[in-house]
């Protein structure tokens, strides 16, 4: 006797539901694993880098004696700029420890103060020459070794010979602390300075500007070129062997390892055209090559997703091909193109390898002033700092990573937001 | 009994309309999509200021033929048109003919309502604007209003001309598309299954509109609904497998078709 | 290309309509044949049967009407289907009238039975035979969709009319010669007219058959005036007793 269909179905139901539950579980597990990894990454970076945003500062009362700064009283800029402010700062520090007379000992004491203190004092005096003859209260970052000490990153229990700081130095620093002269503040240098040999003075601003110029060049080149190429391929080019080859090669180009683009840039832009090394212009050119296929592909997808009915509608009332594209197709595809462009830009922002090849890895202590000034970019700065021996540079590196990630997240969020906002249903 | 044996070779007649005001005169048109021969030796006359309906099963070539009348086939890769399509004696496939000008003369309404994702006003104003028809803003306003009025949509949208055209109902969207087409004052309006996405009420409104417009425009409509062809058209052409089988007055086609294939198709005794 | 509709139930509906019309035709034909026989043999029982049988013809006509209207509403027929259904609708009306005339003939047989027998009845028999052949041919043409047979039947209407004219003249002469026969002759003349009208309805049916097969009205093919009758056409007239 044939069994009832309902019974057969019912008998298999449990098995099907179990399989379904398992299937869902796999997905949830995968997402959880990804979340855990991401979380770990963030926790690690933030715990290492967060302290870099805080600087240990020393507050000194520095008498700005006219004899040192401007003995002739001319207030001339050259005189003010060339004055020995270091002596003033060190004198103020010495005043805190009158008993330290030995020259070698003194030098060890002077190591507490960073070079930054000198620059800070000069800046203050030059901004306001009326300060000459008065006593200035100067709050300035301490040298990076003492910064590490203050943040508890130095293992005091180690034998003295294995430490960069000896017991005396630690003692002096603790004395200063007891006198209430040591405080913590926001690390200004991190945001306004370019790279420096002294970790406490090194900042990411130079690299940030370098990245900005590089990306501007990349955007200015790859966006119009990418859109133009995509519009031609989608709207004008006939489907034949040639366009097939072009299409395949664009896809291949998108898959080429980025270091190869760096070599290309080195050979062509530096070698052949003789453009300056380390310049954002060359970096932008190289990154344009790399981003172009991404933008072309994204733009073509966006153009394809514009329904043909819109093109037909425009052509059907006698719009020319160009009017159809400019008035209707491109505006509708633009959100998609922009999303692709932002994602391409985010990738360019995080790119290191090709830039190493064109010399953007050099030590550059000045903030770049244009697309031809030597500069470096954020990810390369991270790479440089990661390579440095000082513990304090590693802290800077983590901070730079946080900043870089923040920019990437902002850009990707903007891409998602754009897509959501302009998403259309036809 | 009617002889049901049929040879396509026999279908070479080109229905002519002597003594009538002819808009299109088509001679031996063949259309190829790559290797596919989509239209075979089609020839007929299409009269001015009346509605001609093209009917036939899917893939019979009726849409292809419609699109060869304003060269929309040009957009399709590998599409080749041979033969003559004369609009008032002028061959639209002649090299000196400008497609843009042709499409301004021969407007088109599509199967799916496809208003631009812009305001109702902009939808209608677009055509006159790109062709530079209106000299002033007032004139443009006038064209928009009269087009919407002729499309029977003015009363429904006069208060929201700035609202997006895509926000209208399906039937209103299709009438907006018709308004957009007539805004450039074409001589001919081609309609490719204009009601296939609409409900019966919206369909009736569009059909009423077609009827109204037929006094001023030559309208050619492709439809899958034989009843619709019967309701709106004065002449009906039946296509099958790329051949024009029969073209006659609509009442003759639906009451007493001469060709067994036509008979089979319209009575539902097909294949 | 097939003879069958894609929707098979449509064919079933059309077959049902055809069968009902054929049944109605067969019944009308038999009513007429039996009425003629009752007349010839003065068989009052048979005449009564015919009179009672008319209700069945009327019922079949209603059936045909319902089927036709249903088909028109639900199938939206086109071309030959449309013509076939419209023709069937009209043919059933003709058949219903033929049934009425047959019943009327039956009634007059009952009246004649009360009157003295007259040999003049024999004059009507060739007419009845002729009309019956015509009706049979028409119905066969309908069943077989035979346009030639329909034409044949249609062409028989003229001789029938001629015969009717002869009968009328003869009756008029008899009535003038022998006024005592006026009552019987009046009835016989009405019977003759009924038979002639049956012939006209058969002609109508033939025309409808021609139309649904060819798509053209028969009158357009043969441009000649419609078959003439002597009296003005008042279908209810003959039924007055």
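The values are calculated or read from the model by the stated rules, or taken from the named source; none is laboratory data. Here the structure is a predicted model, which is why all the values come from computation and not from measurement. Every residue, glycine among them, receives a Cβ derived from its backbone with ideal geometry; neighbour counts consider all protein chains shown.
A few remarks follow.
- Beta carbons closer than 6 Å, at least 6 apart along the sequence or on distinct chains, pair a first residue in segment C:1-16 that is within 10 Å of chain B (Cβ to nearest Cβ) and part of a helix (DSSP H, G or I) with a second that is surrounded by 13 or more Cβ atoms within 10 Å (Cβ to Cβ) and at pLDDT below 90 for C:10/C:75; C:11/C:5.
- Among (1) more than 14 Å from chain B (Cβ to nearest Cβ); (2) more than 30 Å from residue A:390 (Cβ to Cβ); (3) buried (at least 16 other Cβ atoms within 10 Å of the Cβ), the one test that residue A:224 misses: (3)
- Here residue B:205 clears all of (1) away from chain C (no Cβ under 11 Å); (2) assigned to a helix (DSSP H, G or I); (3) at pLDDT 90 or above except the condition numbered (3).
- When we screen C:38, C:45 for residues that are part of a helix (DSSP H, G or I), more than 16 Å from the chain's Cα centre (by Cα) and exposed (fewer than 15 other Cβ atoms within 10 Å of the Cβ), the only hit is C:45.
- Exactly one residue among A:96, A:153, A:101 is on the phi < 0 side of the Ramachandran plot and crowded, with 17+ Cβ neighbours inside 10 Å, and that residue is A:96.
- Evaluation of residue A:186 against (1) exposed (fewer than 12 other Cβ atoms within 10 Å of the Cβ); (2) in contact (Cβ under 8 Å) with a residue 40 or more places away in the chain; (3) more than 28 Å from the chain's Cα centre (by Cα) (one fails), failing number: (3)
- Condition met for residue A:109 (buried (at least 19 other Cβ atoms within 10 Å of the Cβ), in the same structural domain as residue A:171 (by TED's automatic domain parsing) and either within 18 Å of residue A:82 (Cβ to Cβ) or touching a helix residue (DSSP H, G or I) at 6+ places or on another chain (Cβ under 9 Å) (or both)): yes
- Filtered by the rule that a residue be surrounded by fewer than 20 Cβ atoms within 10 Å (Cβ to Cβ) and under 14 Å from residue C:62 (Cα atoms), segment C:23-34 gives a lone residue, C:23.
- Subset of segment A:302-311 that is within 12 Å of chain B (Cβ to nearest Cβ) and touching a helix residue (DSSP H, G or I) at 6+ places or on another chain (Cβ under 7 Å) - its residue that is surrounded by the most Cβ atoms within 10 Å (Cβ to Cβ): A:306
- For segment B:258-270, a tally of residues being more than 14 Å from residue C:84 (Cβ to Cβ) and facing another protein chain (nearest Cβ under 7 Å) returns 4.
- Residue B:244 fulfils the conditions (1) in contact with a helix residue (DSSP H, G or I) (Cβ under 7 Å, 6 or more places away or on another chain); (2) away from chain C (no Cβ under 14 Å) except for a single criterion, (1).
- Residue match in segment B:221-229 (condition: within 11 Å of chain C (Cβ to nearest Cβ), farther than 21 Å from residue C:6 by Cβ and touching a strand residue (DSSP E or B) at 6+ places or on another chain (Cβ under 7 Å)): no
- Filtered by the rule that a residue be over 24 Å from residue B:258 (Cα atoms) and either outside any helix (DSSP H, G or I) or within 14 Å of another protein chain (Cβ to nearest Cβ) (or both), segment C:49-106 gives C:73, C:74.
- Matching residues in segment B:165-196 - criterion: being surrounded by fewer than 21 Cβ atoms within 10 Å (Cβ to Cβ) and more than 24 Å from residue B:104 (Cα to Cα): B:167, B:169, B:170, B:196
- Close pairs from segment B:118-130: first free of Cβ contacts under 8 Å to residues at least 24 places away in the same chain, partner part of a helix (DSSP H, G or I), Cβ under 6 Å, at least 6 apart: B:130/A:323
- The selection criterion, being free of Cβ contacts under 8 Å to residues at least 60 places away in the same chain, crowded, with 21+ Cβ neighbours inside 10 Å and part of a helix (DSSP H, G or I), does not hold for residue C:109.
- Restricting segment A:314-346 to residues that are free of Cβ contacts under 8 Å to residues at least 12 places away in the same chain and in a helix (DSSP H, G or I) leaves a set whose member that is nearest to the other protein chains (Cβ to nearest Cβ) is A:316.
- Within segment B:70-92, the set of residues being more than 8 Å from every other protein chain (Cβ to nearest Cβ) and buried (at least 17 other Cβ atoms within 10 Å of the Cβ) comprises B:71, B:73, B:79, B:81, B:83, B:85, B:86, B:87, B:92.
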